[in-house]
Amino acid sequence: MNTTALYPGTFDPITLGHMDVIETVSKLFSEVCVAILVNPDKQPMFQTEQRVKMIETAVKEYGIKNVKVVASEDLAVNVARKHGATAMIRGVRLNTDFETELFLHFNNQALDENIANIFIPPKQDHIHVSSTSVRFLLEKGLDLKRYVPRSVIEYLKGEEDNYVVGIS
């Protein structure tokens with residue numbers, strides 16, 4: 001049976017925690033649709049095209065074959081429907097994430113009760129990782145190797161006119 005899961009987020013940028021979730025979901029579903037969505041409460045550091053490229057290179061680095069990356073300004077539920085997703089995936093690290101995600105879960109269920117919401121934590125080693133912390137480290141020129149995939153660091157080095165990237 002072919003099944004699709006939608007993993008929505010801003011991914012600004014993609015982190016090791018995000019990759020933990022993608023790895024797990026890729027083993028449970030035929031296809032994983034990673035959807036870069038707009039959050040009106042956030043001003044992203046990276047352009048949508050850059051985020052797509054970083055996710056694609058990270059997925060390739062990890063050797064995950066059943067992932068596609070899309071970008072949309074639509075609601076996550078509508079993107080899930082468009083791509084035939086039967087589940088929406090959300091990464092949760094701590095209680096504060098869970099409360100936020102549970103609130104979104106109830107809203108998503110009200111919009112489409114046929115799309116299951118599944119919460120997946122990252123590996124314990126990555127519980128401290130967030131895109132916010134990565135952006136802070138990036139602005140300070142500090143080492144990112146414990147926060148983002150190697151391919152993302154290499155991508156950012158290629159964008160060195162715009163970013164300072166710490167590499168050990």
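Only the coordinates and a few stated rules stand behind these numbers; no lab work does. Quick caveat: nothing in here was measured; it's all calculated off a predicted structure. Ideal geometry is used to build each Cβ from the backbone, glycine not excepted, and the neighbour counts take in all protein chains shown.
Details
- Only one of the numbered conditions (1) surrounded by 14 or more Cβ atoms within 10 Å (Cβ to Cβ); (2) part of a helix (DSSP H, G or I) is violated by residue 96, and that is (1).
- Filter result (under 23 Å from residue 128 (Cβ atoms), of a type outside the set (Lys, Arg) and touching a residue at least 60 places away in the same chain (Cβ under 8 Å)) within the stretch 87-106: 89, 91
- Flag: residue 49 does not match the condition of being of a type outside the set (Phe, Trp, Tyr) and in contact with a Lys or Arg (Cβ under 9 Å, 6 or more places away or on another chain).
- Whichever residue in the stretch 104-131 is under 23 Å from residue 54 (Cα atoms) and among the charged types (D, E, K, R) and, among such residues, is surrounded by the fewest Cβ atoms within 10 Å (Cβ to Cβ): 125
- Number of the exception - residue 84 against (1) without any contact (Cβ under 8 Å) to a residue 40 or more places away in the chain; (2) loosely packed, with under 15 Cβ neighbours inside 10 Å; (3) of a type outside the set (Val, Ile, Thr): (1)
- Scanning the stretch 39-81 for residues that are assigned to a helix (DSSP H, G or I), among the polar types (S, T, N, Q), in contact with a strand residue (DSSP E or B) (Cβ under 8 Å, 6 or more places away or on another chain) and touching a residue at least 24 places away in the same chain (Cβ under 8 Å) yields nothing.
- Checking each residue in the stretch 27-69 for being within 13 Å of the chain's Cα centre (by Cα) and more than 29 Å from residue 139 (Cβ to Cβ) picks out 32, 33, 68.
- Just one residue in the set 36, 14, 22 is under 19 Å from residue 145 (Cβ atoms) and in contact with a strand residue (DSSP E or B) (Cβ under 8 Å, 6 or more places away or on another chain); that residue is 22.
- Given (1) of a type outside the set (Phe, Trp, Tyr); (2) in contact with a helix residue (DSSP H, G or I) (Cβ under 9 Å, 6 or more places away or on another chain); (3) over 21 Å from residue 24 (Cα atoms), number of the condition residue 39 does not satisfy: (2)
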